[in-house]
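Inspection log for the structure reproduced underneath, given as structure tokens.
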Amino acid sequence: MNDMTQYVFLIPLLPLIGFLINGLFRNYLTKSISGWVGTGFMLCSFVLSVMLFQHVNQPGFQPEVIFYFDFIRAGGLYIPFSFLVDQLSVLFLLIITGIGTLIHLYSTAYMHEEAKDHFARYFAYLNLFVFSMLLLVLGANYVIMFIGWEGVGLCSYLLIGFWFGNPEYNKAAKKAFVMNRIGDLGFLLAIFWMITQFDSVRYLDVFSKAPAAPVAVLTGITLLLFVGAMGKSAQIPLYTWLPDAMAGPTPVSALIHAATMVTAGIYMIARSNILYSLAPVTENTVAVIGLATALLAATIALKQNDIKKVLAYSTVSQLGLMFLALGVGAYTAGVFHVMTHAFFKALLFLAAGSVIHAMHHEQDITKMGGLRKKLPLTHLSFLIGCLAIAGIPPFSGFFSKDEILAAAHDRSPILYGLSIVASLMTAFYMFRLYFLTFSGAFRGTEKQHSHLHESPAAMTIPLMLLAALSIAGGWIGIPEVFAHDAHWLASFLEPVVPIFKPHHQAISHQMELMLMGGIVVLIIGMIFWAYRLFAKSDVSFSEPDGISKWMADKWYVDEIYDAIIVKPLNAISSWLSKIMEARWIDGAVNGVGKFVLFGGRQIRLLQSGQVGSYILVMVISILAFLLYQLFWKP
Amino acid sequence: MFAAFDNFPALLIWLPLAGGLISFFLKSEKASKLNALFFSLLTLAVISTSLLYTDPKHYLLNQVSYVWLPNLGSSFGLILDGLTRLLCLLTAIVFPLVFLMMPDGKYPNANRFYGLMLLTQCGLLGVFMATDALAFYLFWELALIPVYFLSSIWGGEKRIRATFKFFIYTFLGSLFLLIGILYMYLKTSTGSFGLVAFYNAQFTLTEQYTLFFLFFIAFAIKIPVFPLHTWQPEAYEQAPTPVTMILSGVMVKMGLFGMLRWLLPLFPKAVDHFSLPIIVVIVFGVLYASVLALKQDNIKRLIAYSSIAHIGLMAAAAFTVKEVAMHGLTLQLFNHGINIVAFWMAADLIERQTGVTKISDLGGIARKAPQLAIFFVIAAFANIALPLTNAFIGEFMIFNGLYQYNPWIAACAGLSIILAAAYTLSLVKNTFFGEPVAAVANFSDIKPKESFVFVALTVLIFFVGIYPAPFFKLIYETVGLIVNRYVII
């Protein structure tokens, strides 16, 4: 163990300590202490992550497994509690602790209206989340990953329902947890299958034994793992919890439901890339489901009027694109997009939070408009976020999205065409959101208008930093067509995540530039279209009809789930309890009971007929036996 | 004459027995409570001390074999081995905590209440330690009978009906057990009730199958296994909550323990022959109880059905006889006891303060009692086996074993973890979250004494969940023997 890696345990431990301090002393700490405890431990964790990154980034670095203790060692099952430090985990450490620190800082201002115990509770949950997320990415085997996996689910549940006075929020929290549990069952079954097949859950064992395993087994395991990813990363059919999760405080949406937790599924698949590349059926499934999710969520986002809901569906859609990348074998592109998306989506959410803060908890964009002048910094950061997600060069989203599109192009023209459609829709709905919020005339109440104000520095500083990252974050992955060997990320990750291998002959640089340019032109067209429609001072909002209504009503997926799963289950439950339990089973048993009593009455040898006295005699005799044993033992 | 006190098993029997008998002669409630606490803590001290003497060279300290009824060939045999220690430890932890949480003045003639509780403890410890079938049977009854009195005297409105049902069920089970034991006794070569003699006796296949079912039904009723479970929700609902805690925390373990100690080693052929249909029925019962729990509007019944589901998983795991499942299930015996007692304690505090057990009449307790809310949420997540809580370790290994037995059965049983999340979180949401309703308007948060109990349980939940190694070390040897179908010693 090297000097640096012996401190790795501190990276998750520090947020855990923060959680304990804020959790246990929430009634005694002032708000500023709670806030600084929460943010301070995060910052220390980030600094350690940066130091670890420098260590990993040295030439000649070898992945290290750091063993701590035996978590489960019984009955032939061996699961060590150990961490794996390699390029992939360190990259996620930087994203989680870096963005985590900024969002903690932002929260100190955003949550300031809360009473001090709830304020401390909030930071406790947030720290606990970071702890779980760090376990998830640091674990050296699938069970440690699973601990983090369910841990982040718990924190997501606690934070979605943070304002537990509101029944709707509680419902959303429960829905998120239960839907995630469906995925978790898949994950668990995959783990059991791995134990049966490989006799281990450690990454190194599993990956080294995988090539010898039958393809059918690998397909099964990877599909089950993907079921887990569907839940956590909100893919069809388990995506409906994520939009509802917007009930949580906005910084939570930024950290958990955009930048980090929901990308756990991508981490899992990227981590298991050796298994996935051996199971082509699963790869195709991942690609198709990812693309379908990207398109479906984008259509819904086109018609939403809640600023956070648009961002939520946009997250679902972007996650879909990441899965598409993984499915076509472009693991680096998927991870790259996780990173840039973390920057610009956290930025967009925090900027949206700043808007909501200024608008006194108004989230409906039909009641906003013209906020550009009142909130200059927020406006600027939101615009940068929109340009980045739309994929305008040289903003970060352009590079990662281009890499995904290029990989899709190599695999199939259909995948390519449809992912372009998803990208165009993204540009359109994001700029619809932007123009409706910041351009035109103000459509809110007079009172809201008079209170409009730019947010305090604790909120705008994270915005500025994230804006900078959203602009420049993509420059670590410059494609070959612009500069030779400039894709730093791909070469950094190469020991863990293989570089994309084209199936077809690479197209010429000229052709590639043309395609790239064509897409950018189309995106700019989309932005212009959105400008024409929504940047006016007199936008009218009509009730959607026809296909728009379907989109606005989210294709009725929630209603369908309710009708085919939730309601029947509840009906069965009621039926079982009213009919089955009470009449059938109980009736049969009571019948037996009556029969026994009847028989008892007939026999009546020793019994006086009363069960009570019979038992009393029995107790006394037992006691007599025991006392005899004690005092008259030969 | 005092030779009886020179080893741990004997002390574990006599202490609660003496405490129980003394209690009947005490006048004030306070004295009875102190007496009960004193003896139960002493019991805890004894079992804790015994954990330091697990080495085989101390075997004299850990087993008892008195001549009892020499003409019948019954010797009063007790043993403390790994499995037994764990269950005795659970019993010894739960009782003082329950005593500590008992509300003052709620139960008239409290001295008898405490006395009967201590007698129950004596019976339970005896069941876990007995190596002689007759002693096992007597302790089995001794554990049940005080509960019958406790429920029928101090229970809820429908206590007579519920207790009667409980009695019929368990009595029927005991009867089967007794018939089985007597038949085996007659078949032993030396005419003995000893477990080892039973193990060495020769049976035809038909005999083994019949005896298997006699024992199985007795244990299955106690667990309870679908469709023999209907006594349980009613008994849990109607019994005084301290008794319910004992019933669900410790007493249901009698059935599972019976399977591990008696059923699996004695009838290996029958177990292998019938395991598939039995597991299928049990897993069906697990899902059945889980679905039922979804729409229960009574806290106590909801917890009861949840318990049936969780215990069912353990029973199914026992019949797989897979090594990993057996270790997991043994640990889970302990975990489930801790978790469900924590759950009941919170439920009891709610009932005591509001007089309401109907979930739809509750809501918003978290605003009034944030500390209780924290402990309740911890108990809830332990109930759904969140990683780093104790139940995760147990259930992970149980499911792993079920998977080894049959992946499809494991997948079906796995649906219960989704359902468990649904009904447990509904319970949390509908009782603790939202704005306070009228029934909880005057709800006050927990007192330091109650806090202490919850903290103790929480520490156990997380300790076992994070570092289960000492527990596995404790049970390693005994479970290994059971997996290989050897009896103890």
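Please treat every number below as a calculation from the coordinates, not as lab data. For clarity, every value in this text was computed on a predicted model and none was experimentally measured. So basically every Cβ, Gly included, is an ideal-geometry build from the backbone, and we count neighbours across all protein chains shown.
Arranged by the count of other C-beta atoms within 10 angstrom, fewest first, what order do B:307, A:396 take? Provide the component values of the computation, followed by the final result.
Working: B:307 27, A:396 31.
By the 10 Å Cβ count, ascending, the order reads B:307, A:396.
For region B:239-298, the fraction of C-alpha pairs more than 20 angstrom apart is 50%.
Packing-based ranking of B:270-279, A:151-160 yields A:151-160, B:270-279, ordered from highest to lowest mean Cβ neighbour count within 10 Å. For region B:156-223, the convex hull spanned by the alpha carbon atoms encloses 90 Å³ per residue.
Evaluate E = 1/(1 + (r/R0)^6) for residue B:476 and residue A:204, where r is the Cβ-Cβ distance and R0 equals 30 Å; express this FRET efficiency to the nearest 0.05. Walk me through the numbers on the way to the answer.
Values: r = 27 Å, r/R0 = 0.90.
E(calc), rounded to 0.05, equals 0.65.
For residue B:298, the residues whose amide H sits under 5 Å from its own are B:359, ignoring neighbours fewer than 5 places away on the same chain, with H placed 1.01 Å from N.
Give A:174/A:447; A:308/A:447; A:232/B:368 a once-over and call out the pairs whose C-alpha atoms are over 29 Å from each other.
Distance filter (> 29 Å) returns A:174/A:447; A:232/B:368.
Mean partner shielding of peptide A:453-462, defined as the number of other chain Cβ atoms within 10 Å of each residue Cβ, is 0.
Across peptide A:185-198, the average count of Cβ atoms from other chains found within 10 Å of a residue's Cβ is 4. Membrane-span-like helices in chain A: DSSP H runs reaching 18 Å or more (Cα, own axis), mean Kyte hydropathy at least 1.6? Counting only whole DSSP H runs, the qualifying helices are A:10-24, A:142-160, A:215-232, A:376-390, A:457-472, A:611-631. Over the protein assembly as shown, the pair-distance histogram of Cα-Cα distances with 20 Å bins from zero comes to 12, 40, 31, 14, 3, 0 percent, rounded to whole numbers. Peptides B:35-48, A:319-332, B:248-261, ordered by how many other C-beta atoms sit within 10 Å of their residues on average, highest first, read A:319-332, B:248-261, B:35-48. Between residue B:67 and residue A:569, the C-beta separation translates, for a Förster distance of 51 Å, into a calculated FRET efficiency of about 0.30. Annotation for region B:100-165 versus region A:442-492: alpha-carbon center distance of 67 Å.
Each label point was placed 7 Å from the Cα along the Cα-to-Cβ direction; for residue B:484 and residue B:109 their separation is 5.2 nm.
Mind running the shape call on chain A? Use the C-alpha gyration tensor, a ≥ b ≥ c as the square roots of the eigenvalues: rounded below 1.5 for a/c, prolate if a/b tops b/c, oblate otherwise. Could you put the intermediate results ahead of the total?
Values: a/c = 1.78, a/b = 1.53, b/c = 1.16.
In terms of gyration-tensor shape, prolate.
From the alpha carbon centroid of region A:51-121 to that of region A:153-224 is 19 Å. Annotation for residue B:190 and residue B:442: the two label points, set 7 Å from Cα along the Cα-Cβ direction, are 6.6 nm apart.
Taking a point 7 Å from the Cα of residue B:360 along the Cα-to-Cβ direction, the residues of region B:293-318 with backbone N closer than 14 Å to it are B:295-299.
Sorted on the mean count of surrounding Cβ atoms within 10 Å across their residues, most packed first, peptides B:327-339, A:441-453 read B:327-339, A:441-453. Under the simplified labelling scheme, the residue A:541-residue A:216 pair shows an inter-label distance of 5.6 nm, with each label point 7 Å from Cα along Cα→Cβ. Shielding of peptide B:41-53 by partners, expressed as the average count of other chain Cβ atoms within 10 Å per residue Cβ, is 0. If R0 is 51 Å, the Cβ-Cβ spacing of residue A:550 and residue B:157 corresponds to a FRET efficiency of close to 0.45. A straight line joining the Cα centroids of region A:232-250 and region B:168-228 runs 53 Å. Sequentially through region B:51-62, phi angles give Karplus couplings (6.51, -1.76, 1.60; θ = phi - 60°) of 5, 7, 10, 8, 5, x, 5, 8, 4, 4, 6, 10 Hz, Gly and Pro residues having no value and appearing as x.
As a proxy for reagent exposure, A:386, B:412, B:122 were ordered by neighbouring Cβ count within 10 angstrom, fewest first; the result is B:412, A:386, B:122.
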